[in-house]
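As structure tokens, the structure follows; a few thoughts come after it.
The values are calculated or read from the model by the stated rules, or taken from the named source; none is laboratory data. Everything quoted here is computed from the prediction, not taken from an experiment. Positions of Cβ are generated from backbone atoms using ideal geometry, with glycine treated the same way; all protein chains shown enter the neighbour counts. Surface accessibility is based on the protein's heavy atoms, side chains included, excluding ligands, DNA and RNA. Shrake-Rupley method; radii C 1.70, N 1.55, O 1.52, S 1.80 Å.
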Amino acid sequence: MSETLLKVRDLKIGATIYPPGEKPRDIEIVHGVSFDLEPGKVLGLIGESGAGKSTIGLASMAYGRGGVEITGGEVWVNGRDILKSGLNDVRKLRGGEVTYVSQSAAASFNPAKQIMDQVIEASVRHGKFSKKDAEARAVELFRKLGLPDPENIGNRYPHQVSGGQLQRCMTALALCPEPDLVVFDEPTTALDVTTQIDVLKAIKEAIRDTGVAALYITHDLAVVAQVSDDILVLKMGDMVEYGSVDQIINAPKEDYTRALVSVRSIDHEEKTATSEPVLKVEGVTARYRGTNFDVLKNINVELHPGQTLAVVGESGSGKSTLARVITGLLPPRAGNIHFAGRDLSAALGGRSREDLRELQMIYQMADTAMNPRQTVGTIIGRPLEFYFGLRGSEKRKRIVELLDEIEMGEAFMDRYPAELSGGQKQRVCIARSLAAKPKIIICDEVTSALDPLVADGILKLLLDLQKVEDVAYLFITHDLATVKAIADSIAVMYQGEVVRYGGKTDVLSPPFDDYTDLLLSSVPEMKLGWLEEVIANRKMESAGN
């Protein structure tokens with residue numbers, strides 16, 4: 001027992017659900033999971049949403065969130081079953097022996113407190129260090145994690161650092177108390193590929209230098225392969241496969257694991273434009289109210305009917321700002337937007353109902369894009385009423401047609417968003433956009449919050465619908481794998497400018513400008529040692545410069 005830091009045996013976890021109009025009922029969401037984790041090792045937990053990854057990770061801290069309850073099994077940490085420990089022992093465990101890094105650092109940090117105060121809080125409360133020593137250790141970790149100005153960055157507030165920097169600050173928070181185990185829960189999912197490289201490198205080096213063990217939770221097999229020693233594949237609370245990284249990546253035994261390894265296999269041939277563009281952005285320059293600098297600078301792009309223009313770049317490059325300008329939410333300072341043969345009013349208030357109908361949008365977070373108190377039928381039916389005046393049986397017939405188009409069917413009409421999976425919610429948002437019969441749909445990071453297999457299904461659905469409806473997509477993303485899968489043309493943005501633009505084949509073919517080369521080389525590959533190769537290549541390039 002002393003050689004195994006974390007020992008999980010036959011872990012079972014349940015929850016109570018409250019279906020609308022029905023009696024509450026108990027369900028089991030994790031079904032007898034077992035694994036071991038030794039000091040200094042990393043175990044990757046991988047699977048789609050609802051697989052139980054985060055639930056199992058939190059169980060290693062004897063914690064069940066949102067009404068989840070550990071109903072059976074054993075969780076041993078440092079030789080004791082923490083499920084049988086008293087409350088005081090569990091409180092000492094959390095934030096001391098075992099710490100946690102969440103997916104969204106921005107949502108986890110207190111915006112009213114300086115970063116340093118939050119990073120050292122657990123270390124001081126658990127008596128691991130004095131305030132002075134904890135601050136010194138925090139600075140050392142800031143430096144180890146590659147944060148700028150490590151002596152002073154702790155004096156900033158969370159909103160004063162970038163997303164990648166804040167994620168590394170949270171890693172410093174987790175490592176500061178010198179824990180034995182860190183649970184990393186999707187720590188890079190919300191980051192750009194370029195930032196993800198830096199955070200992965202920092203996490204891997206911190207684990208190596210401190211000797212801490214880690215559970216690394218993710219739905220991205222290419223990412224987990226870079227930091228883990230072993231991988232446990234989960235699906236709907238069941239263990240699918242458990243083995244070394246090499247075995248899981250190169251010789252998977254189960255069909256589900258093989259599907260994860262081969263994800264993003266969409267083969268989309270670039271289409272050639274055969275008609276006038278449905279959207280033409282000419283010389284658009286824009287800035288936000290109250291600022292004196294341009295966030296978009298002389299943007300020129302166009303989109304043709306039935307085609308997909310992918311707008312790609314890291315956070316802050318101007319992708320979503322361009323969408324705001326096109327939709328009229330941010331009037332440009334200069335330039336024009338031509339749409340379906342007419343000039344669009346710069347401001348949303350000056351646009352006609354027809355302008356609004358023909359230009360629709362699908363958002364990144366389907367959860368926040370739908371009213372949780374409305375049924376699927378009501379959500380899809382609203383644009384049918386608003387734009388076409390449909391009522392009664394005629395409206396219901398069209399809703400069913402749209403549900404069939406998104407491969408869900410009439411059975412989902414009376415369900416609420418809380419009863420849907422992440423992929424199903426996004427499909428409903430797609431159906432709502434299609435209900436307006438638009439010429440263009442702006443897709444703003446619509447797959448970034450989804451598991452690879454679910455995201456693949458959404459992308460295939462969008463491509464199939466494009467063939468049927470002849471709708472054009474403006475697809476905003478930082479995921480180059482998505483771009484390769486669906487785009488006909490690509491605009492690469494950096495600091496408010498389009499630095500590379502053209503057909504997919506041309507944009508993705510060398511020679512590359514420096515920024516496009518950086519983006520393409522940052523897309524995680526499903527092979528062992530890829531992260532080390534990228535880091536080594538960048539060191540050589542830096543030395544050469």
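Would you pick out the residues in the stretch 501-545 that are outside any helix (DSSP H, G or I), open to solvent by less than 40 Å² (accessible area, probe 1.4 Å) and within 30 Å of GLU282 (Cβ to Cβ)?
Selection gives GLY502, GLY503.
Looking at (1) under 27 Å from HIS219 (Cβ atoms); (2) at pLDDT below 95, find the lone condition where ARG432 falls short.
The one condition ARG432 does not meet is (2).
Identify the residue in the stretch 2-29 that is at pLDDT below 95 and closer than 22 Å to SER228 by Cα and, among all such residues, is most open to solvent (accessible area, probe 1.4 Å).
Across the stretch 2-29, the extreme among qualifying residues is GLU3.
Which members of the stretch 33-69 meet the condition of being open to solvent by less than 20 Å² (accessible area, probe 1.4 Å) and small (Gly, Ala, Ser)?
Answer for the stretch 33-69, where residues must be open to solvent by less than 20 Å² (accessible area, probe 1.4 Å) and small (Gly, Ala, Ser): GLY44, GLY47, ALA51, GLY52, GLY57, ALA59, SER60.
Every residue, every condition in (1) without any contact (Cβ under 8 Å) to a residue 60 or more places away in the chain; (2) buried (at least 16 other Cβ atoms within 10 Å of the Cβ); (3) at negative phi; (4) of a type in the set (Ser, Thr, Tyr), yes or no:
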site	(1), (2), (3), (4)
SER244	yes, no, yes, yes
SER262	yes, no, yes, yes
THR274	yes, no, yes, yes
ASN292	yes, no, yes, no
THR321	no, yes, yes, yes
ASP343	yes, no, yes, no
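Limited to the stretch 87-101, what total is found for residues that are of a type in the set (A, V, I, L, M), open to solvent by 10 Å² or more (accessible area, probe 1.4 Å) and closer than 13 Å to SER60 by Cα?
Counting residues in the stretch 87-101 that are of a type in the set (A, V, I, L, M), open to solvent by 10 Å² or more (accessible area, probe 1.4 Å) and closer than 13 Å to SER60 by Cα gives 1.
Of the residues GLY335, GLY328, only one is touching a Ser or Thr at 6+ places or on another chain (Cβ under 9 Å), surrounded by 19 or more Cβ atoms within 10 Å (Cβ to Cβ) and not β-branched (Val, Ile, Thr); which?
The match here is GLY328.
Among the candidates VAL468, VAL507, single out the residue that is touching a residue at least 24 places away in the same chain (Cβ under 8 Å) and over 30 Å from ASP246 (Cβ atoms).
Going through VAL468, VAL507 in turn, just one is touching a residue at least 24 places away in the same chain (Cβ under 8 Å) and over 30 Å from ASP246 (Cβ atoms): VAL468.
Out of the stretch 273-295, which residues are touching an Asp or Glu at 6+ places or on another chain (Cβ under 8 Å) and either more than 18 Å from ILE440 (Cβ to Cβ) or not in a loop (DSSP other than H, G, I, E, B) (or both)?
The answer is LEU279, LYS280, VAL281, THR285, ALA286, ARG287.
Where in the stretch 96-189 are there helices (runs of 4 or more DSSP H), lying wholly inside it, with at least 2 residues that are within 30 Å of THR447 (Cβ to Cβ)?
105-108, 163-175
Residue by residue, here is whether (1) touching a Phe, Trp or Tyr at 6+ places or on another chain (Cβ under 8 Å); (2) open to solvent by less than 20 Å² (accessible area, probe 1.4 Å); (3) modelled with pLDDT under 95 holds:
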{"site": "ARG427", "(1), (2), (3)": "no, no, yes"}
{"site": "SER448", "(1), (2), (3)": "no, no, yes"}
{"site": "LEU453", "(1), (2), (3)": "no, no, yes"}
{"site": "ASP456", "(1), (2), (3)": "no, yes, yes"}
{"site": "GLN466", "(1), (2), (3)": "yes, yes, yes"}
{"site": "LEU474", "(1), (2), (3)": "no, yes, no"}
{"site": "LYS484", "(1), (2), (3)": "no, no, yes"}
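Which number in (1) touching a helix residue (DSSP H, G or I) at 6+ places or on another chain (Cβ under 6 Å); (2) open to solvent by 10 Å² or more (accessible area, probe 1.4 Å); (3) within 30 Å of VAL233 (Cα to Cα) marks the one condition that ILE406 misses?
The one condition ILE406 does not meet is (2).
Out of all the residues in the stretch 214-229, is one or more of a type in the set (D, E, K, R), within 22 Å of LEU450 (Cβ to Cβ) and open to solvent by 10 Å² or more (accessible area, probe 1.4 Å)?
Yes - at least one qualifying residue is present in the stretch 214-229.
How many of the residues in the stretch 414-425 are surrounded by fewer than 19 Cβ atoms within 10 Å (Cβ to Cβ), closer than 11 Å to ILE379 by Cα and either touching a residue at least 60 places away in the same chain (Cβ under 8 Å) or of a type outside the set (D, E, K, R) (or both)?
The qualifying residues number 1.
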